[in-house]
1. Residue by residue through region 298-325, note down the ones that are part of a strand (DSSP E or B) and small (Gly, Ala, Ser).
2. Here's a check for you: in region 145-177, which residue that is under 30 Å from residue 288 (Cα atoms) and at pLDDT below 70 is farthest from the chain's Cα centre (by Cα)?
3. May I ask you to verify whether residue 37 is in contact (Cβ under 8 Å) with a residue 60 or more places away in the chain and not aliphatic (A, V, I, L, M)?
4. Might you let me know whether region 49-69 holds any residue that is assigned to a helix (DSSP H, G or I), within 23 Å of the chain's Cα centre (by Cα) and over 16 Å from residue 13 (Cα atoms)?
5. It is to be established whether one or more residues within region 25-35 are surrounded by fewer than 15 Cβ atoms within 10 Å (Cβ to Cβ), in a helix (DSSP H, G or I) and in the same structural domain as residue 71 (by TED's automatic domain parsing).
6. Applying the selection to region 328-347, what residues are outside any helix (DSSP H, G or I), β-branched (Val, Ile, Thr), at pLDDT 80 or above and in contact with a Phe, Trp or Tyr (Cβ under 8 Å, 6 or more places away or on another chain)?
7. Can you pull out the residues in region 74-104 that are touching a helix residue (DSSP H, G or I) at 6+ places or on another chain (Cβ under 8 Å), closer than 17 Å to residue 385 by Cβ and not in a helix (DSSP H, G or I)?
Amino acid sequence: MELTDQGRLGRFYEALDQLELCGELAKRVFHLGQPRFADTGATASLVVSPEGKPLFLFNRRFFDSLGPHALAFVLLHEAAHWAFLHHRRLQERVPGLWNIAADLVINQFLLHLVGFDELSDPGFLRFVSSAVTFENLRLCAPSQFARLTAEEAYELLDKDLQRVLSAAPGLVACDEHAWAIKDAEGNSLDGQIEDLIDQIQETFHECIPSWGDHAVGDMRAVGEAVSLARLNWDIVLSNRIASCITLAFEQRWAPPNRKIAWLYPDVLLPADQEIEKVQSSVLLALDASGSISAAVLTQLLGLARSIPRDRVEIKAVSFDTIAYVFDIWGKEIKILGGGGTSFDAIEVFATKLLRYPDLIVVLTDGFAPHPKVLHPNRWFWLITPNGSIRNIQGIGNWCRIQGSKTDTPDFSDIPF
């Protein structure tokens, strides 16, 4: 007897109820949208309807071929693409190769962090044996699997394209990557998509507490010759801490030398003298988390190195969920990171200094939970071109870095 769509929906419910692994996570993701079945497409996708409702689309034949654990895996796979913002991070890359890179990272995440690799169900093992995974493509050593971002996986795929082409026919993708951001009439779905992303990310954070919350502290690769990106730091410094651009010498009215003070007990004399300025302190925090590719990290470092160090006292850190001190001016720059992203790590570091910095400059893509900070007015954010400002609202000011690493960022976004 052929299964009806109503029967498929019932089978979906039954599969989620039987799950011993990540049952709560799968159910919550399932209830974010509505399942739909069709004979079009080859596998599955997660899209947003014109009414703003998330839809889990399944090809009927593909759905019928999946066991309960594989169903949950595909469901979470679709949601994770949106949580990881793969639709935004495509940029100018080849879509087909980017789809494979994104699948590699998502499947690694589900297998080894969510825990699907612990299953012994024969049907699920057959499903995984033909899935797009690092193990099946053998792009790199197993020790590297968990540390690669989609951007880094893409670079590996691009360098070893022949291996990918030879292995691809034997592998089956989980989904169609139908990341539509407009409806049939061409209207933007940005608002609905942002809401969906927020809900999915919140669900993952609540059900998988370790997701994005672990520090790796791995050495991050940056370009050997870092170009000094040009940025008008005077605009930033003068608007945030005016004392950063004062002269080292100034004329001021001062009490006389104590040796002759008895002659002029109530007089202030003008005096040209060198004033030992207390330099304003700047903490530069460079996002080196797993979501930042080596190319973007090099760009951010170049921008950070363009700050006028003779005008301010600078301390530099890279960070994932922990802040790591590094020498921003060193010949051999050693940047640590590679884990999740936490802006709170910067605040923890800042509060342990002898005095809280006058200015905290964070170079980041903005994808991390909203931080709690002591002095929000002292924070300034430099956001990558495809980064997000959603989680930094209300904390200091920001501008978006535009174009290549040598372009001048557009300061039109700065709400001074």
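The values are calculated or read from the model by the stated rules, or taken from the named source; none is laboratory data. Since we're looking at a predicted model, the values are computed, not measured. Neighbour counts run over all protein chains shown; Cβ positions are idealised from the backbone, glycine included.
1. Within region 298-325, 316, 318, 323 qualify.
2. So, considering only residues that are under 30 Å from residue 288 (Cα atoms) and at pLDDT below 70, the one farthest from the chain's Cα centre (by Cα) is 145.
3. no
4. No.
5. Within region 25-35, none of the residues are surrounded by fewer than 15 Cβ atoms within 10 Å (Cβ to Cβ), in a helix (DSSP H, G or I) and in the same structural domain as residue 71 (by TED's automatic domain parsing).
6. Hits for region 328-347 are 335, 341.
7. Result: 85, 90, 93.
A quick yes/no check of all residues on (1) within 22 Å of residue 5 (Cβ to Cβ); (2) surrounded by 20 or more Cβ atoms within 10 Å (Cβ to Cβ); (3) without any contact (Cβ under 8 Å) to a residue 12 or more places away in the chain:
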| site | (1), (2), (3) |
| --- | --- |
| 46 | yes, yes, no |
| 51 | yes, no, yes |
| 59 | yes, no, no |
| 64 | yes, no, no |
| 67 | yes, no, no |
| 72 | yes, yes, no |
| 92 | no, no, yes |
| 99 | no, yes, no |
| 102 | no, yes, no |
